[in-house]
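Okay, structure first, notes after.
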Amino acid sequence: MKQFWSFIRKEFLHVFRDRKTLIILFGMPVVQILIFGFALTNEIKNSRIMVLDAAHDIQSSRLISKIQASRYFQVTQIVHNEAEIQEGFRGGNVNIAIVFPLNFGHDLESGERPQLQVLADASDPNLATALTNYVSNITADYQREIQKINTPIPTIVPEIKMMYNPQLKGAPNFVPGVMALVLLLVCVMMTAVSIVREKETGTMEILLVSPFKPILVILSKTIPYLFVSLINVGSILLLSVLVLDLPIHGSLLLLLLESTLFIITCLILGIFISVKTQTMQAAMLISLMGMLLPTMLFSGFMFPIENMPKPLQIISNIIPSKWFYIIVKSIMIKGLGWEAIWKETLYLLGIAVFFFALGMKNFKIRLA
Amino acid sequence: MENNYSISVDKLTKKFGNFTAVDAISFDVNGGEIFGFLGANGAGKTTAMRMLCGLSIPSSGKATIAGFDVYKETEKIKRNIGYMSQKFSLYEDLTVAENIQFFGGIYGLDRKELRDKSAELIARLGMEKDAKKLVNSIPLGWKQKLAFSVAILHRPEIVFLDEPTGGVDPLTRRQFWDLIYQAADSGITAFVTTHYMDEAEYCNRISIMVDGKIEALDKPAALKNKYGVNSMNDVFQHLARGASRSDL
């Protein structure tokens, strides 16, 4: 036990002596949260819209000012023919255009299926879809308004409620994502690199000749990163509560326990990589390609898993970050408890146990 | 196998598939002896040494290290040996004092013992001013002396030195050997592999391995006599010429 302590002490010395890496380790989550929180946002505001108003009547001008009044759009150009619309899109200074036909107001008032043309720049398909939806919503709204004034026709008005995130903020989506990314990076890559470093410098040999148990060599290497990661979980949660106004709805204790489980899973993956590789470069490359990339692709943080082809959806199940992402979202955003996440926890635990067994098996083979 | 030898090896063999890396080597090393273990690259030195350190299980044959069996008592062997390799055995990003503390710690020295021994070690090497310096900032020769002193900090019965003086100048090498003599005088057996033939002359006895077998084993002077040459280098050349798997 005393030997174990001297080893852990040495590992902390390694970590804290390397100031540059230390700053990165603790600074990375802060910077990522701030960047995602304030710079990168998928909320659409003030999109530039072009209007061709051939109708020039009361109805069309009212609808235009309603669009202008919404925070999504900013009417930047009033054009007079189709050529100018083409010109506008080619110049890239507008995202969307609306064309009011000659008899727009007349058709609307007489109930003769008024038409409206909406053109969007679909070179960014997500943006185009979102913008056309906004336009449809605004026109539908407008229609309802004038119907109240004129003859009331019964229409179904769906009342939409955005559960858990009424303002459709981005933070509920990226905070769990950043947490998964940061923990993965620190635990998997740093652990793998620090174990492989001992192999590369030849000190591993000295350790294996010593009476210190090889399994303890590996375990004590993970302790500092467990510590660093728990601090990172704390700083991410603090930032999201204090700076991003994203409260933790569920149990903080449960969230911390689940985070610890994920950290341990990542440490095990780091050990597994270190057993399999001989150089620090290889360890780093495998951690990045084998862990970070799948996390970005398959955790559901950046791309919805539901939209992927079946085989990819199946692959996504072996990515630990996917389960952690779901767990954090459930606890933090939805305020759900253990009964909602036990299945995901089991998956995570299963992955951890599997790689632990595999890592230990390979480790023993290497020693013989 | 009861005996008073520090190291006792009898027909020790290691096979990797069809390849016999170490082919039935036998020798005994006395306590406090400096035993040179020579051989060209690929002759099987490293494999033999790994078996003696309890890092690799032999295919056949017998061996006891400090009286402990290499098959069954590897844990006890590890407690009773020190090891220093050609690559650095120290952590470059830790200070001199931290390195001493760490290695003392994993060999289970308690706090008081550790404090006394590290003070004594630093004083003996004359490194009082450098104790708080990072290892990567001290000269190569000093690192090696420090690494050796750390390897025998826990007073092992035997210290294994795997090409300990690679890359340093002859003067520093000479000083390094003074440390080995001091250790041997205090009763520690030194088992040394080296590429430098002048160092072979410093050993009490040497063995020369060729193609997995021990081709010669005696005092350096006796070997020179036997082959009628003037230097250990000539002895080595004479024996290694017949090797089929060296890269000389």
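The values are calculated or read from the model by the stated rules, or taken from the named source; none is laboratory data. Treat the numbers as computed from the prediction; the structure is a model and nothing was measured. Don't worry about glycine lacking a Cβ; one is built from the backbone with ideal geometry, like all the others, and counts go over all protein chains shown. Surface accessibility is based on the protein's heavy atoms, side chains included, excluding ligands, DNA and RNA. Shrake-Rupley method; radii C 1.70, N 1.55, O 1.52, S 1.80 Å.
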> So which trypsin sites (Lys or Arg not before Pro) in segment B:1-81 end up in coil per DSSP with only 12 or fewer other C-beta atoms within 10 Å?
Replying inline: B:Lys72
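Carbon and sulfur atoms: what percent of the 1.4 Å accessible area of the protein assembly as shown do they account for?
Taking all protein chains in place, the protein assembly as shown shows 59 percent carbon and sulfur surface.
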> Percent of alpha carbon pairs in the protein assembly as shown separated by more than 36 Å?
Replying inline: 56
> Under a Cβ-Cβ limit of 4.7 Å, which cysteines in the protein assembly as shown have nobody to pair with?
Replying inline: B:Cys53, B:Cys203
>> Can you give me the accessible area per residue for the protein assembly as shown, using a 1.4 Å probe, in Å²?
In response: 49
>> Classify segment A:80-132 from the C-alpha gyration tensor, please: rounded if a/c falls under 1.5, else prolate or oblate depending on whether a/b exceeds b/c.
In response: oblate
> Tally Lys and Arg at +1 and Asp and Glu at -1 over the other residues with C-beta under 10 Å from the C-beta of B:Thr46: what net charge comes out?
Replying inline: 0
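What GluC sites (Glu not before Pro) in segment B:62-93 are in a loop by DSSP, with at most 15 other Cβ atoms within 10 Å of the Cβ? Intermediate values should be presented prior to the final figure.
Details: sites: B:Glu73, B:Glu75, B:Glu92; in loops: B:Glu73, B:Glu92.
Here the sparse-neighbourhood loop sites are B:Glu92.
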>> I'd like the mean, over residues of B:50-62, of how many other protein chain beta carbons sit within 10 Å of each residue's own Cβ.
In response: 1
> Given A:Ile263, A:Leu288, A:Leu239, which one lies farthest toward the positive end of the charge dipole of the protein assembly as shown, if we put +1 on the Cβ of every Lys and Arg and -1 on the Cβ of every Asp and Glu?
Replying inline: A:Ile263
> Looking at chain A, which longest stretch skips every one of the trypsin sites (Lys or Arg not before Pro) that is in a DSSP loop with at most 13 other Cβ atoms within 10 Å, leaving the sites themselves out?
Replying inline: A:162-368
> Local charge sum around A:Trp323 (other residues, Cβ-Cβ under 14 Å, Lys/Arg +1, Asp/Glu -1)?
Replying inline: +1
>> Need one value for B:71-83: mean number of C-beta atoms belonging to other chains within 10 Å of its residues' C-beta atoms.
In response: 2
> Using alpha-carbon positions, what is the distance between the centroids of segment A:220-274 and segment B:73-117, in Å?
Replying inline: 34
> Where nothing but the Cβ of Lys and Arg (+1) and of Asp and Glu (-1) is charged, how large is the charge dipole of chain A around its Cα centre, in debye to the nearest 20?
Replying inline: 2120
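Relative contact order for chain A: what is it in percent, counting Cα pairs under 8 Å that are at least 6 residues apart?
Computed value for chain A: 18 percent relative contact order.
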>> Pick from B:Phe191, B:Phe103, B:Phe160 the residue whose mean-square fluctuation is largest in a GNM of chain B, springs joining Cα atoms under 10 Å.
In response: B:Phe103
> What residues does segment A:1-49 have that are buried by at least 50 Å² of accessible area in the full protein assembly compared to the chain on its own, 1.4 angstrom probe?
Replying inline: A:Lys2, A:Gln3, A:Lys10, A:His14, A:Arg17
> By per-residue mean of other Cβ atoms within 10 Å, what is the highest-first order of A:124-131, A:110-117?
Replying inline: A:124-131, A:110-117
>> Taking beta carbons within 10 Å but only from partner chains, what does the mean come to for residues B:98-109?
In response: 5
>> Using a 1.4 Å probe and counting only protein heavy atoms, how much accessible surface gets buried when A and B come together, both sides summed, in Å² to the nearest 100?
In response: 2400
> segment A:33-102 to segment B:152-204: how many Å between their Cα centroids?
Replying inline: 83
